[in-house]
1. Which count do you get for residues in region 416-430 that are open to solvent by 10 Å² or more (accessible area, probe 1.4 Å), touching a helix residue (DSSP H, G or I) at 6+ places or on another chain (Cβ under 7 Å) and not acidic (Asp, Glu)?
2. Counting just the residues of region 140-175 that are charged (D, E, K, R) and open to solvent by less than 30 Å² (accessible area, probe 1.4 Å), which one comes out farthest from Gly215 (Cα to Cα)?
3. If you scan region 294-319, which residues turn out to be in contact with a Ser or Thr (Cβ under 7 Å, 6 or more places away or on another chain) and at pLDDT below 95?
4. Of the numbered conditions (1) of a type in the set (Gly, Ala, Ser); (2) at negative phi; (3) in contact with a Phe, Trp or Tyr (Cβ under 8 Å, 6 or more places away or on another chain), Gly279 fails exactly one; give the number of that condition.
5. Collect the residues in region 116-137 that are in contact (Cβ under 8 Å) with a residue 24 or more places away in the chain and open to solvent by 40 Å² or more (accessible area, probe 1.4 Å), keeping them in residue-number order.
6. Filter region 378-398 down to residues that are in a helix (DSSP H, G or I) and either open to solvent by 10 Å² or more (accessible area, probe 1.4 Å) or more than 11 Å from Gln109 (Cβ to Cβ) (or both), then give me how many there are.
7. Out of (1) touching a residue at least 12 places away in the same chain (Cβ under 8 Å); (2) open to solvent by 60 Å² or more (accessible area, probe 1.4 Å), what's the single condition that is false for Glu88?
8. Check off (1) open to solvent by 40 Å² or more (accessible area, probe 1.4 Å); (2) of a type in the set (Phe, Trp, Tyr); (3) closer than 21 Å to Gly356 by Cβ for Phe309 and give me the number that stays unchecked.
Amino acid sequence: MMRRQGRSSSAKKKAALAVLGILLAAALCGTAWILLRGGGQGKTDTAGTDQDGRQAEEEGRPAEEDDAAGEETEDQTPEEQLAARVQETLDGMTLEEKVNQLFMVTPEQLTGVGTAVQAGEATRAALEQHPVGGVIYFAQNLQSPDQTRQMLANTSQYGEEAAGFPIFLSVDEEGGQVSRIASNPAFQVPSFEYMSQVGQRGNTQEAYDIGSQIGAYLRDLGFNMDAAPDADVLTNPANEVVKYRSFGSDPQLVASMAETELQGLRDQGIIGMYKHFPGHGGTTADSHQGYAYVEENLEQLMSQALVPFQDGIDKGVQVIMVSHIACPNVTGDNTPATLSSVMITDVLRGQMGFDGMVMTDALNMGAITSQYSSADAAVKALQAGVDMLLMPEDFESAFQGVLQAVSDGRLTEERIDQSVERILRIKLSM
């Protein structure tokens, strides 16, 4: 009996040792498999999961939210993704940052120097204080290719550091009469005939080539925006303001030529714009000097001067510049179009369907400064539906005027948001 129990106990021990051996072997095999699997990645899957989890915890969200966010982004169209980025950016901005984005100024207005030909610490400090939406340059700022490239590269860097997204760097380079760069032999870039002469030939390929060549040298220098093409229809033969800048008196021809010049700019990565809504071709006076107006009613404008603008809107133009021309037979008063809600909100946005960025012509022109302070002009333009304010006579006064208008209720922050959203839609897709 005792011998049978001893044998039984010995058998149990052997069985137990066998099971233990099997378990150890299985554990070793499992460890080896994990190591082999993780070897190609330099770490085990478990370690990777832990790292993802720690990263998610550091960012204040559960690890599984990463996958959900990725799937959500994949399900969105590019337009929806852009809209989400715009809204996220807008939500992170202060009111002062938003209002700064509404302004495009000269480098002199930004920094206070006499003539700006470089961008150093003064520019950096100015953009930190006023991260404006854009800077526009003129002939006196542009001395040579290397000087221009360095100035624009620095301004671009400082602007993006201050705002967190690109800054518009613009110039008036229509080709022909208005050529800030091509008129300077130091740049050795192509120069072109008056656009009126180009228009007489009616060759849209020529207009495209002009836009493309201008866009190429602007991009090379560091610009990203051009205040061109001129989409004015020359309806008044006595007009001297855009006589040589307009493609002609045929609205359809002007529409076709403007469209192809704009496309040439776009294909080189330059944001162009149509100007000068509702059309400077019917005036006799020059709004640079003072009051200018057109006599046409809305029906007449729609059949002539507004044809190129409507065509551009239908084909996706991103920016339209509004002039200081009064349209008394449309608005019932002598308010410049720049400050008229009838012309901008009712006609341009409502009737013509434009939801892009509306920019004023320069607010330091006589048609504005002879009647309005810088603050009043800026506020009235925003109330009318404008998005970007170009070159107010007194930038600081205009900036403070807009902030005060929000404070006292003449403008709402929601109204400011509408304009900043349109600006960001372009900037975040650049």
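The values are calculated or read from the model by the stated rules, or taken from the named source; none is laboratory data. Values in this document were obtained by computation on a predicted structure and should not be read as measured data. Heads up, the Cβs are rebuilt from the backbone with ideal geometry, glycines too, and the neighbour counts pull from every protein chain shown. Accessible surface is based on the protein model in full, side chains and every heavy atom, while ligands, DNA and RNA are left aside. Shrake-Rupley method; radii C 1.70, N 1.55, O 1.52, S 1.80 Å.
1. Qualifying residue count for the region: 3.
2. Taking region 140-175 and keeping what is charged (D, E, K, R), we get 146, 149, 160-161, 172-174.
Cutting the leftovers down to open to solvent by less than 30 Å² (accessible area, probe 1.4 Å) gives us 172-174.
Numbers: Asp172: 12, Glu173: 9, Glu174: 10 Å.
The selected residue is Asp172.
3. Taking region 294-319 as the starting set, the residues that turn out to be in contact with a Ser or Thr (Cβ under 7 Å, 6 or more places away or on another chain) are 294, 304-305.
Of everything in region 294-319, just one residue is in contact with a Ser or Thr (Cβ under 7 Å, 6 or more places away or on another chain) and at pLDDT below 95, namely Val294.
4. Among (1) of a type in the set (Gly, Ala, Ser); (2) at negative phi; (3) in contact with a Phe, Trp or Tyr (Cβ under 8 Å, 6 or more places away or on another chain), Gly279 violates only (2).
5. At the first step, the residues of region 116-137 found to be in contact (Cβ under 8 Å) with a residue 24 or more places away in the chain are 116-120, 123-124, 127-128, 130-137.
Val117, Gln118, Arg124, Glu128, listed by residue number.
6. Narrowing region 378-398 to residues in a helix (DSSP H, G or I): 378-384, 395-398.
Next, from what is left, pick out any that are either open to solvent by 10 Å² or more (accessible area, probe 1.4 Å) or more than 11 Å from Gln109 (Cβ to Cβ) (or both): 378-384, 395-397.
Summing the residues that are in a helix (DSSP H, G or I) and either open to solvent by 10 Å² or more (accessible area, probe 1.4 Å) or more than 11 Å from Gln109 (Cβ to Cβ) (or both) in region 378-398 gives 10.
7. Of the numbered conditions (1) touching a residue at least 12 places away in the same chain (Cβ under 8 Å); (2) open to solvent by 60 Å² or more (accessible area, probe 1.4 Å), the odd one out for Glu88 is (1).
8. Going through (1) open to solvent by 40 Å² or more (accessible area, probe 1.4 Å); (2) of a type in the set (Phe, Trp, Tyr); (3) closer than 21 Å to Gly356 by Cβ one by one, Phe309 breaks only (1).
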